[in-house]
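Here is the structure we will look at, set down as structure tokens.
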Amino acid sequence: MAGYDGVFDTLGLRDWCDQDKADAPMSMAQLLAQSGGDDGESTPLAFPSLDTLHESCARISQTRDVTEGLEQGFLGIRAELKYVLDPLTQPLSWLLDGTLFVFETTPWWVMIPLLVALSWFVSRSKPVTVFVAGVLVFFSIIDHYDVAMQTLAIVFVCTGLSVLLGVPIGIGMSKSQTAQRIIVPILDLLQTLPTFVYLIPLIFLFSVTESKIYGIAVIVYAIVPVIRLTDLGIRLVDQDVVEAANAFGMTPAQKLARVELPLALPNIMAGVNQTIMMSLAMVVIASMISAPGLGVLVLRGIRSLDLGVGIVAGLGIVLLAVILDRVSKAALARVDTHRGHQ
Amino acid sequence: MSKVAIRGLYKIFGPKDREMVELVQGGMTKPDLMEQHGHVLGLEDINVDMAAGEITVIMGLSGSGKSTLIRHLNRLIDPSAGEILVDGEDVMKLGRAQLRALRQKKMSMVFQKFALLPHKTVQENAEMPLSVQGVDVSEQTAQARKWLARVGLDGFEDRFPAQLSGGMQQRVGIARALAANTDIMLMDEAFSALDPLIRTDMQDLLLELQAELQKTIVFITHDLDEALKIADHLVILKDGRVVQQGEPQDILLNPNDPYIEDFVSDINRARVLRVRSVMKPVSTDSFDGDVTANATLEDLITLSDGDTNRLYRVTDGNDVLGQLDMKDLVKALVPRTTTGPG
């Protein structure tokens, strides 16, 4: 007999507890206890956890039933969730597949000059551009050009969409205290949730053969900084200037476009930089759910304990991160100095 | 009819400000209101008439509510009770769109910290009010250029605000307000952030512009010298109440409150008081010379070579307005107190 029998007896709950006791399936623990000759007696002062109480009263669920219930609940609404989310997220698959196709099929002698030109256009910095060219050539020399392009394609699409969705959310947050109170805890959750945990519900919801499954994982993880910094940036805009905008009769839309967004731009750009870094980090983890690119090689290195493959791919990711970071930081610095500060 | 009139204006800061108005009207004082209800009394029963084409100066120390008061005129702050009439129309009854029209077409504002758009050039800053109104681009350019030239900023059109000194930035602020082509100009401590010498220049510029344009200017300052120099009508504010208002010369000669006596005792009266304020009716016909009514006492002391036995005839053009005995002039230099003798 278990330690909390007396409690249920005193409370007069014995009858309620013993109802359908006979029908209740035997738990693995009970089975083990029986076969092992252990009589299942717990120490009298064991914490009254669900499992301990279950021993005294069969009507109380075991902890594994609770997790089971959670799973069943999720599976129960899965069909409906899928019905809504599937068409909604379908364009993401098209976008990812399309971009991957473009990056993979464009010949290197077009792609590399194009990317170098892009980094010059964005950063206007010679050292950064030369460095980008060097890294791209290095990838090609060690035959990692294709996987690097795949990773880059995913990062481009996911960062682009994060900015497209995140900036409006950030603007909404900065305009409404209620929105901020609701969204901040969600952002905290997204930022602290272990990255692997993102993947579990996604696997249940979507087919692993679709590109959107890793697209969603990356966007959900990487969108946080751009939302946060857009909100912060707009809230930090010099209130004297905002007051002047009001005093000259600007409409809310004019105020946003002419004053708030331009003045918040350095902060928003810092958020975009962080978003790029985080989508790169997540793209590696998302290789577990079929995201192509350098992450696949890292995963292969871990699976088959292939040290060389893992390290080369890992360093490749670092190099990719460095060029993305330098280019976006140079762009940020350009925004800052564009105001005539000397 | 006055251009702008403030009638029975109250401003109380706190969540239940409207209910608190009655308590204050019933005689509750500022500390009591704070202690018993946690509301801050900002402005109490303000009644001011501002005549068209005049400079009304609202003077008070920090915390007296002067910046709060000026923000009521274009409703950057909403009052707890009272009326604000602009051209006879109650600003409190305006809807959003009408309020924006008022801010665009009737009132422009100059700010203590300039509040220029840092990412726009001087020219674009001066164009801002007109572009908000949706005026033709060519008209915007022409107006902005004209007013920038008028405040002495030829050749600086393509600079950014951060590249200019404080005085020049405020010139841009004034050009921006003038370009809006409004009848009323609100100036919130417009010169307080400037060096004393530059401040004097700016005051002269303002008086020069005013002689030409005759706008209705509401000017906020904490500096009595500045107030006396530019005011046609002076309103002195203390702890959210008007202590005295009227013609500046009159306030200087007949202060009705110890607070104002304190204030005016530090003033160089010879430089501020004008002959017309201390002259007497003509009672003789032998004079030592003529002096114009608007000359300062300092001018007359220089003219008389410091001889207190002289008697001057006061003229304005061809009219004789009165006479001034140098002995009366000397007496006027001593501050009169309401409590002591004199």
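The values are calculated or read from the model by the stated rules, or taken from the named source; none is laboratory data. Computed from a prediction, not measured in an experiment: that's the story for all the values here. Counting neighbours? That spans all protein chains shown, and the Cβs are built from the backbone with ideal geometry, glycine included.
Across segment A:193-222, what is the total count of residues that are among the aliphatic types (A, V, I, L, M) and closer than 18 Å to residue A:99 by Cβ?
Count: 6.
Out of the residues in segment A:192-222 that are over 15 Å from the mean Cα position of the chain (by Cα) and part of a helix (DSSP H, G or I), state the one that is farthest from residue A:252 (Cα to Cα).
A:204
I'd like the residue in segment A:182-220 that is hydroxyl-bearing (Ser, Thr, Tyr) and within 10 Å of residue A:289 (Cα to Cα) and, out of all such residues, is surrounded by the most Cβ atoms within 10 Å (Cβ to Cβ).
The qualifying residue surrounded by the most Cβ atoms within 10 Å (Cβ to Cβ) is A:214.
Quick one: which of A:336, A:240 is free of Cβ contacts under 8 Å to residues at least 60 places away in the same chain, assigned to a helix (DSSP H, G or I) and either out of contact with any helix residue (DSSP H, G or I) (no Cβ under 7 Å at 6 or more places or on another chain) or within 30 Å of residue B:165 (Cβ to Cβ) (or both)? Can you show your working first?
Working: A:336 fails: free of Cβ contacts under 8 Å to residues at least 60 places away in the same chain.
After applying the criteria, what remains is A:240.
Would you check if residue A:225 is assigned by TED's automatic domain parsing to the domain that holds residue A:94, part of a helix (DSSP H, G or I) and surrounded by fewer than 19 Cβ atoms within 10 Å (Cβ to Cβ)?
Against the criterion (assigned by TED's automatic domain parsing to the domain that holds residue A:94, part of a helix (DSSP H, G or I) and surrounded by fewer than 19 Cβ atoms within 10 Å (Cβ to Cβ)), residue A:225 does not qualify.
Scanning segment A:226-282 for residues that are within 20 Å of residue B:177 (Cα to Cα) and among the small types (Gly, Ala, Ser), which turns out farthest from the other protein chains (Cβ to nearest Cβ)?
A:245
Any residue in segment B:102-119 that is within 16 Å of residue B:68 (Cα to Cα) and more than 7 Å from chain A (Cβ to nearest Cβ) sitting within a Cβ distance under 7 Å of a residue that is of a type in the set (D, E, K, R) and surrounded by fewer than 22 Cβ atoms within 10 Å (Cβ to Cβ)? List the pairs, counting only those 6 or more apart or interchain.
Hits for this filter: B:112/B:189.
Filter segment B:129-150 down to residues that are small (Gly, Ala, Ser) and within 13 Å of chain A (Cβ to nearest Cβ) and give me whichever is surrounded by the fewest Cβ atoms within 10 Å (Cβ to Cβ).
So the residue we want is B:134.
Does residue A:74 satisfy being in a helix (DSSP H, G or I) and farther than 30 Å from residue A:310 by Cβ?
Against the criterion (in a helix (DSSP H, G or I) and farther than 30 Å from residue A:310 by Cβ), residue A:74 qualifies.
Scan segment A:65-108 residue by residue and report those that are touching a Ser or Thr at 6+ places or on another chain (Cβ under 8 Å), of a type in the set (A, V, I, L, M) and under 15 Å from residue A:202 (Cβ atoms).
Residues satisfying the conditions are A:92, A:96.
Answer with yes or no whether residue A:284 is surrounded by 21 or more Cβ atoms within 10 Å (Cβ to Cβ) and more than 17 Å from residue A:196 (Cβ to Cβ).
no
From (1) surrounded by fewer than 18 Cβ atoms within 10 Å (Cβ to Cβ); (2) under 24 Å from the mean Cα position of the chain (by Cα), pick out the condition that doesn't hold for residue B:94.
(2)
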